[in-house]
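The values are calculated or read from the model by the stated rules, or taken from the named source; none is laboratory data. Model, not experiment: these values are computed from the prediction. Cβ coordinates were reconstructed from backbone atoms using ideal geometry, including for glycine residues, and neighbour counts include every protein chain displayed. We work out accessible area using only protein heavy atoms, side chains counted, and drop any ligands, DNA or RNA first. Shrake-Rupley method; radii C 1.70, N 1.55, O 1.52, S 1.80 Å.
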Amino acid sequence: MADEIDLKYLPGLLRQTFVLSLGAAYKSVEMMKSPQDSFTTMFGEMKEMFSLPTDAGEGLPQQARAVAGVWMMKGMDLMEVCKNAGEKFTEAK
């Protein structure tokens, strides 16, 4: 039964992995075209990731949760951007 489930979901998983990888490669090449703008954008993103949100709370556990939430949100945004960029190349026409 586990083999049937694996075979059922494996092609979709491989396709999504390929789409994300292709999108990440495309975004990397795109960033190399204009390094000055890319540096400014990446510096702003990194600054935002390492700053404490205003609604973080007082204690260390609340602040850690807030920072982890920011990191998760940034990671999900990056995956969405890579997925959208990769789907441009994998669409069937």
(request) Among the residues of the range 4-44, write down those that are in contact with a helix residue (DSSP H, G or I) (Cβ under 9 Å, 6 or more places away or on another chain) and charged (D, E, K, R). (result) R15, K27, E30, D37
(message) Whether any residue in the range 56-74 is open to solvent by 90 Å² or more (accessible area, probe 1.4 Å), in contact (Cβ under 8 Å) with a residue 24 or more places away in the chain and either part of a helix (DSSP H, G or I) or of a type in the set (S, T, N, Q) (or both) is what I want to check.
(response) no
(request) Could you tell me whether M79 is out of contact with any helix residue (DSSP H, G or I) (no Cβ under 6 Å at 6 or more places or on another chain), of a type outside the set (S, T, Y), assigned to a helix (DSSP H, G or I) and surrounded by 12 or more Cβ atoms within 10 Å (Cβ to Cβ)? (result) yes
(message) Tell me yes or no: at least one residue of the range 2-10 is modelled with pLDDT of 85 or more and either charged (D, E, K, R) or in contact with a Lys or Arg (Cβ under 8 Å, 6 or more places away or on another chain) (or both).
(response) no
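Listed here are the residues, each with its yes/no results for (1) at pLDDT below 85; (2) over 16 Å from the mean Cα position of the chain (by Cα); (3) not charged (D, E, K, R).
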| site | (1), (2), (3) |
| --- | --- |
| S34 | no, yes, yes |
| D37 | no, yes, no |
| L52 | yes, yes, yes |
| A56 | yes, yes, yes |
| P61 | no, yes, yes |
| V70 | no, no, yes |
| M73 | no, no, yes |
| M76 | no, no, yes |
| M79 | no, no, yes |
(request) Any residue in the range 27-48 that's hydroxyl-bearing (S, T, Y): show its pairings with residues that are in a helix (DSSP H, G or I) and open to solvent by 90 Å² or more (accessible area, probe 1.4 Å) at Cβ separation under 9 Å, as long as the two are six or more apart or on different chains. (result) S38/M32
